[in-house]
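The numbers here are math on the coordinates, done by the rules we state, and not lab data. Predicted model, so just to flag it, every value in this text is computed and none were measured. Here the Cβ positions follow ideal geometry from the backbone for every residue, glycine too, while neighbour counts run over all protein chains shown.
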Amino acid sequence: MILLQTRPTEGERERKSTAPRRIFVRGPWEMGASILIGLGVLMLMQPFFLWAYTYSFIVLLIGTVGFIIVSHFPE
Amino acid sequence: MSIKPIERAASATPQSVARKVRGLSDRAIAWLFVAPTILLLLAINIFPLIWTVRLSFTNFRVNRPNREADFVGLRNYERILTDGDIWVTMQATAHFLFWTIVLQVLIGFTLAYLINKKFRGSDLWTTVIVLPMMLSPAVVGNFWTFLYQPQIGLFNYVVGFLSGTDPSGFSMIGEVALAPWAIVIVDTWMWTPFVMLICLAGLRSIPESIYEAAECDRASKWRQFWTITIPMVLPFLMLAVLFRGIENFKMFDLVVQLTGGGPGSTTELTSINLKREAFEKWRTGYASAYAVILFVTVFGLASIYVKALNKVKER
């Protein structure tokens, strides 16, 4: 079977070139990192599960380091 | 013709210095001025931080400086994060944080709302309300220990008078169930004015024209409060919460003066516990790991704070 290959249009080309950029936008990533920080603080201070306390620091660390990295992403 | 001050300064510069500076670019001169501050910051902030992180991977004890410190990897972190006592300390800090913030926001906002209604002597009342914030935490801790005395304390007397219980029948700082509330009450008394001032700034920044427009639309006072006042003060409230949250996470002086972490360890907040590990048990490596955990927590909260601050600026 022969597949017809057409040349990508201008719009398609532009969409392709900006696709990776759209993934690394600051807003949602920053929100994700903030949620991780909040979750880490909650896990650190809750009185119910010792395992949550044990893993709280790693969650906090990922959130904080992530926040520093993603705050350099474009708007 | 008069000589300009800059020309006078230039003529007063020694030839040797002038010759050296003449060859430097503006950027280099700027760096020359900024360098001492950067060096100072590196020496008193960044270097200790890096050194603490390094020590957190060792079993170094500062009271045995001649003993070789062994590299223990993540063992200090593992021990802290599986230690039930430190977990309890974190819970005490969480209790303190949660209730101080809730009470300070509620009372602070209410006070700000009342003060914002212009009445005779409102400025005087603002000054009176703000007074506790200006006192030293050590002084506040000391005189509240007197207020909490079961026999002679004013607090016990007032509670006894209002509730009909025996004033000497309970001790706010001596009982396990009451001591965590004792520190919450004192911190709330001291720092509610701070929240009030921030809320007042928020309330005063709301243009009167918005309320006038709402009046024209026949919006009730209740509706105006929920749809104008609260949304417009919210960023300020959020800032106050973050300020107090970060400050109270590091709370030390007031609680040490008031209860010393007792009875038992019911009011032993993380900063007090950390000080004990570092300067009473002399487990420097362990305490360093503990400090790193607290630092990451505060840094994470501060990052969110900066983000919130930027959002407020954008408004």
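Points worth noting:
- Prolate/oblate/rounded label for the protein assembly as shown (Cα gyration tensor, a/c 1.5): rounded
- A simple spin-label model places pseudo-atoms 7 Å from Cα toward Cβ; at residue B:226 and residue B:310 they are separated by 3.4 nm.
- Long hydrophobic helices in chain B: the complete DSSP H runs spanning 30 Å or more by Cα along their own axis with mean Kyte-Doolittle hydropathy of at least -1.0 are B:84-116, B:179-204, B:284-314.
- Most positive-pole-ward Cα, A:73, B:240, A:33, against dipole of the protein assembly as shown from beta carbon charges: A:73
- Estimated [θ] at 222 nm from DSSP helical runs (n ≥ 4, -39500 (n - 2.57)) normalised by residues in chain B, nearest 500: -22500 deg cm²/dmol
- Coupling constants for the stretch A:28-37 follow from the phi torsions by the Karplus curve (6.51 cos²θ - 1.76 cosθ + 1.60, θ = phi - 60°), and in residue order they are x, 5, 5, 5, x, 5, 4, 4, 4, 4 Hz; glycine and proline get x.
- Proximal charge balance of residue B:199 [Cβ under 14 Å; K/R count +1, D/E count -1]: +3
- Least to most buried among B:209, B:271 (fewest other Cβ within 10 Å first): B:209, B:271
- Debye log10 I(q)/I(0) at q = 0.26 Å⁻¹ for the stretch B:5-45, Cα point scatterers: -0.90
- Computed about the Cα centre, the dipole magnitude for the protein assembly as shown is approximately 1460 debye when only Lys and Arg (+1) and Asp and Glu (-1) carry charge, each at its Cβ.
- Taking other C-beta atoms within 10 angstrom as a stand-in for reagent exposure, B:212, B:247, B:314, B:268 fall in the order B:314, B:212, B:247, B:268, fewest first.
- Percentage relative contact order, the stretch B:93-248, counting C-alpha pairs under 8 Å, at least six apart: 34 percent
- Interatomic Cα distance distribution for chain B, bins of 20 angstrom, percent: 23, 42, 28, 7, 0
- Pairs beyond 22 Å (Cα-Cα), from B:221/B:307; B:117/B:221; B:250/B:311; B:117/B:307: B:221/B:307; B:250/B:311; B:117/B:307
- Estimated at 0.36 nm per residue, the fully extended path between residue B:43 and residue B:234 surpasses their Cα-Cα distance by 64.9 nm.
- Contact order relative to length of chain B, as percent, for alpha carbon pairs under 8 angstrom and 6 or more apart: 27 percent
- Residues whose amide H falls under 5 Å from that of residue B:58, counting only those 5 or more places apart or on a different chain, are B:72, with hydrogens built in the peptide plane.
- In the stretch B:1-104, the trypsin sites (Lys or Arg not before Pro) that fall in loop regions by DSSP, at most 14 other Cβ within 10 Å: B:67
- The stretch B:1-84 - percent relative contact order, Cα under 8 Å, separation 6 or more: 16 percent
- Packing-based exposure ordering (other Cβ within 10 Å, fewest first) of B:189, B:144, B:282: B:282, B:189, B:144
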